[in-house]
1. List the residue ranges in the chain for DSSP H helices whose C-alpha atoms run 27 angstrom or more along the long axis and whose Kyte-Doolittle average is -1.0 or above.
2. Please report, in Å, the Rg and the Dmax of segment 277-419, where both are computed over Cα atoms only.
3. Eigenvalues of the Cα gyration tensor times 5, then square-rooted: what semi-axes does that give for segment 72-188, in whole angstrom, largest first?
4. Projected area of segment 345-419, taken from the Cα convex hull and averaged over every viewing direction, in nm²?
5. Find, among the trypsin sites (Lys or Arg not before Pro) in segment 301-340, those assigned to loop by DSSP (not H, G, I, E, B) with at most 16 other beta-carbon atoms within 10 angstrom.
6. Indicate the gyration tensor shape class of segment 1-145 (rounded, prolate or oblate), computed on the Cα atoms with a ≥ b ≥ c the square roots of the eigenvalues: a/c under 1.5 is rounded; otherwise a/b larger than b/c is prolate and the rest oblate.
7. Compare VAL212, VAL83, VAL106 in a GNM of the chain, Cα atoms joined below 10 Å, and give the one with the largest fluctuation.
8. Work out, in µm²/s and without decimals, the Stokes-Einstein translational diffusion coefficient of segment 125-231 at 20 °C, 1.002 mPa s, Rh from Kirkwood over C-alpha pairs.
Amino acid sequence: MTESKIEQSYNLAKERYAALGVDVGQVLSALEKVSISLHCWQGDDVGGFENPGGELGGGIAATGNYPGKARNAEELRKDLDVVYSLLPGSHRLNLHAIYLEAGKKVERNEIEPRHFSAWKDWAKTNKHGVDFNPTCFSHPKAADGFTLAHHDGSVRQFWVEHCIASRKIGEYFGKELGTPAVTNIWIPDGYKDTPADRQSPRRLLLESLDKVLAEKIDPRYNLDAVEPKLFGIGSESYVVGSMEFYTAYALSRKILLTLDAGHFHPTETIADKISSLLIYLDQLLLHVSRGVRWDSDHVVTYNDDLQAIAQEIVRNKALEKVHIGLDYFDASINRVAAWTIGSRNTLRALLSALLEPQAMLRKCETEGDFSSRLALQEELKTFPVGAVWDYYCMKQNVPVGLDFMNVIKDYEKKELPKR
Ligand code: RNT
Ligand code: ZN
């Protein structure tokens with residue numbers, strides 16, 4: 001498509017939205033400010049660089065064997081640079097502790113900011129904020145599926161120390177980059193089969209988390225989050241860190257709660273949780289993901305769930321309260337494409353939500369005119385959001401439409417055979 005055609009379509013679209021009282025120019029400046037946090041672990045199937053050939057374990061799994069996964073941090077950054085170049089706007093990176101560059105084996109409870117200095121330099125140069133995660137899986141001390149809630153106090157202590165070290169790394173990124181890191185704790189702890197005692201591990205988890213959070217860190221540098229889950233691989237019957245546990249925990253400790261779209265019953269969506277939680281919690285972290293039958297972490301597609309999440313963030317005026325991260329790992333397709341497609345979809349869903357004629361819809365609702373509300377909601381589904389998206393991409397100097405795939409195909413030809 002030529003520039004003038006993109007512009008023409010945009011102008012027509014703009015008129016359609018203006019007729020509903022929506023100022024598209026304002027919408028685009030709001031979208032420009034949105035920064036989503038790209039999960040480093042899509043690039044190497046959650047392997048990390050702690051020890052070469054380390055096995056992924058702990059209730060999550062990446063499936064597929066598409067060639068070309070990043071084998072070291074340099075390759076991962078190179079891949080990420082391509083992804084960021086295909087996304088309109090300026091975005092963050094979500095880093096896991098196992099992506100350290102230490103040059104030798106460092107125990108998880110001994111990781112330090114200096115092991116992440118190359119990431120910091122890269123983030124600074126490219127103006128990416130960084131978020132962080134302790135890695136409480138893929139480790140001998142997590143092999144029986146328990147970490148912070150382990151019945152053995154010495155194992156718990158090890159993971160407490162790892163989480164404390166991780167918060168300090170979050171703080172370091174926050175200070176260095178001038179934007180707070182959200183340090184998110186997810187642990188796999190749970191049982192495959194019916195437990196005899198559901199409460200004791202939860203009491204231990206509470207105790208461990210309180211130790212992790214004992215030291216106050218300036219929220220300008222680091223924000224803490226906890227991520228609940230209903231079930232995992234090997235923890236089908238019971239997960240210690242459930243939604244109820246962590247909601248109450250986050251609320252009582254004034255930290256963030258993380259909602260992962262794949263962590264609930266298959267028909268339960270996280271979108272409807274946002275408005276309630278934001279009445280009580282100041283901020284949330286999202287792991288935008290797509291479960292298929294189970295928490296399978298498929299690439300985020302432009303489906304109803306994603307649109308509902310975006311709508312809830314926008315309708316609650318919560319773009320500054322909801323940190324939007326992605327969380328999936330598909331090893332069956334080009335990993336740069338997986339990142340790019342999911343990120344572009346998330347941004348496009350936010351655009352679509354921002355383009356909603358909220359005043360009109362709410363008016364129908366308060367007047368009890370539900371037929372008009374439904375008619376408008378349905379009409380909006382085929383409104384020309386794509387024309388606005390294309391124009392936005394053009395203005396942001398990133399590929400329009402499918403052109404991003406040409407860049408990825410070229411990169412794949414040049415770079416991936418070397419791996
Ligand atoms: C696992 C959680 C967690 C992980 C990442 C790698 O079920 O979703 O967020 O996916 O920490
Ligand atoms: Zn997650």
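1. Numbers: long enough: 153-177 (36 Å, -0.32); 335-354 (29 Å, 0.49).
Helices passing the filter in the chain: 153-177, 335-354.
2. Using the Cα atoms of segment 277-419, the pair Rg, Dmax is 17.9, 63 Å.
3. Values: eigenvalues 152, 38, 35 Å².
Over the Cα atoms of segment 72-188, the semi-axes work out to 28, 14, 13 Å.
4. One quarter of the hull surface, i.e. the mean projection, equals 6.8 nm².
5. Values: sites: ARG315, LYS317, LYS321, ARG335; in loops: LYS317, LYS321.
Hits after loop and neighbour filter: LYS317, LYS321.
6. Working: a/c = 2.59, a/b = 2.40, b/c = 1.08.
Cα axes put segment 1-145 in the prolate bin.
7. Highest fluctuation of the listed residues: VAL106.
8. Numbers: Rh = 14.6 Å.
Using the Kirkwood radius from Cα pairs, D works out to 147 µm²/s.
A short reminder: the numbers here are calculations on the coordinates, not readings from a lab. This structure is a prediction, so every number in the text was calculated from the model and none was measured. All Cβ positions, glycine included, derive from the backbone under ideal geometry; neighbour counts span all protein chains shown.
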